[in-house]
1. Under 8 Å for C-alpha pairs, at least 6 residues apart: give me the relative contact order for the chain, rounded to a whole percent.
2. What lysines does K39 reach when the alpha-carbon gap must be under 24 Å and sequence neighbours fewer than 8 apart in one chain are set aside?
3. For the residue pair K449 and A356, what label-to-label distance in nm results when each label sits 7 Å from Cα along the Cα-to-beta-carbon direction?
4. Could you compute Rg(Cα) / (2.2 N^0.38 Å) for region 77-130, with N its residue count?
5. If you average the alpha carbon positions of region 252-329 and of region 119-177, how far apart do those two centres end up, in angstrom?
6. What do you get for the angle between helix 40-51 and the principal long axis of the chain? Use alpha-carbon atoms, 0 to 90 degrees, nearest ten.
7. Run the reach check for K88 against lysines, Cα to Cα strictly under 22 Å, same-chain hits fewer than 8 apart removed. What comes back?
8. In region 215-406, what is the count of Lys pairs whose alpha carbons are under 29 Å apart, counting only pairs at least 8 residues apart or on separate chains?
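Readers should treat all values here as calculations from the given coordinates under stated rules, not as data from a laboratory. As the structure is a prediction and not an experimental result, all values here were calculated from the model. A quick note on method: Cβ atoms are made from the backbone with ideal geometry, for glycine too, and the neighbour counts reach across all protein chains shown.
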Amino acid sequence: NPYAGLVSRLRASWLSGKTRPMEYRVAQLEALGCFLDEKKEDIMEALALDMRKPYFEAYFTDYLLCKNELNDTLNNLGCWMKDEHVDKNLVMQLDSAFIRKDPYGVVLIVAPWNYPIYLLLVPLIGAIAAGNCVIIKPSETTKHTEKLVTEALPCYLDKDCYAVVTGGVEETTKLLENKFDYIFFTGTPPVGRIIMTAAAKHLTPLTLELGGKNPCYVADCCDVHNAARRLAWGRFFNAGQTCIAADYVLCSVAMQEKLIPALREAITDFYGPNPKESPDFARIVGDKQFRRVRALLCSGRVAIGGQADEKERYIAPTVLADVKPSDPAMQEEIFGPILPIVVVANMDEAIDFINARPRPLALYVFSCDCKVVNYVLERTSSGGFCGNDTLMHVTLSSMPFGGIGNSGFGKYHGKFTFDTSTHHRSCLHCSMGLEAINGPRYPPYNQQKLCLMTTAFEIKRRGMCILL
């Protein structure tokens, strides 16, 4: 296997204990910060070349949010690394019981192409902070970003502990034949199943951050102008190539008639009368992806947009009205600048529609009535939830980000990334003396010993106090 030597070398570094001291972890994280700062403009240029990503969007997601994760980790790493002392029973009051935050070992991170820096570095930050050695695999689809990461990042990090591997399906398949101690994958459910199958051969734990069709219910009682602007921004950010973007809208016929002109106004405000000429609208990442997204335009009727230019890999911000559940746009994650609207009779029908499908990575609701937002929250299940906005929940490192069911499993961001990359090791350190305390647990057994053991180990239900 072409990667066996690399994995063995990194495992030897990890076994040597090199990555365990806090000072080492901090130094590597600070070096990662230097990479972000010194290569910031190179990152912006690479993203522009790969998908004409607007500078604002690239800076916000692939630089600012990465720096936030990094600084949050550096600010709190000492606290996160500390042993966590736990409650003890009567017998063990003189012993030490704690949870040790151990690194897993050699971690593999496989990143996608839609946010090729952010979705690579955020898991890497947590893996380094947890004391692991790491192999990172950037996406081959965004070639300029892949080249930048491959050439520049190793100059900042310790080559004995961190490595970059490039290639496509064949190389990734070979890479996955090796035994890793943890795998972190972001991508699609079909590829996630392949990753999970490979991990199962070595019983390797993993996190899968997948996608899905994220629903957005727009209630009749909402501010249509504000809802349209927030919905359009989240849907067409990065030309819709965002795993947590609203994938379709559920609303009544009356709301559809109000929402379409409001969306048209928002799109014009954001990108001008011809979005193709706007510097703030990205492009589809590749020809294959372009053709797949363009084929979805036949769903329902085109209410806004619909224009496409294969040479530029441009698809206009598009809204499809009167889309049926059987239409092509409702059969797969769109991952492009197309927003279908599916008409439902009421909120309960919308909830039934959502619950009849695989659980999404994100779920959105727009309503001026808090009871409506809370009702949808209580009656549905999703990886994340956001009321009266889109995307913004992902910017909070204080909240876990992750899917459920078909949209993946595991969580990260902030401390959750550190915890995901950490083995929480249960530790009990007992005294070598005081052997008389252990007498009741040793044979020969009798009823008196059982009573003593019950008294020492039993956990009783706390009494309930009812105030009248």
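1. Here the relative contact order equals 18 percent.
2. Output for K39: K53, K67, K137, K143, K147, K159.
3. So the label points at K449 and A356 sit 6.3 nm apart.
4. After normalising by residue count via 2.2 N^0.38 Å, the value is 1.73.
5. A separation of 34 Å, based on Cα centres.
6. The angle comes out at about 50 degrees.
7. Of all the lysines, those that pass the test against K88 - Cα under 22 Å, at least 8 places apart if same chain - are K101, K449, K460.
8. Qualifying lysine pairs in region 215-406: 9.
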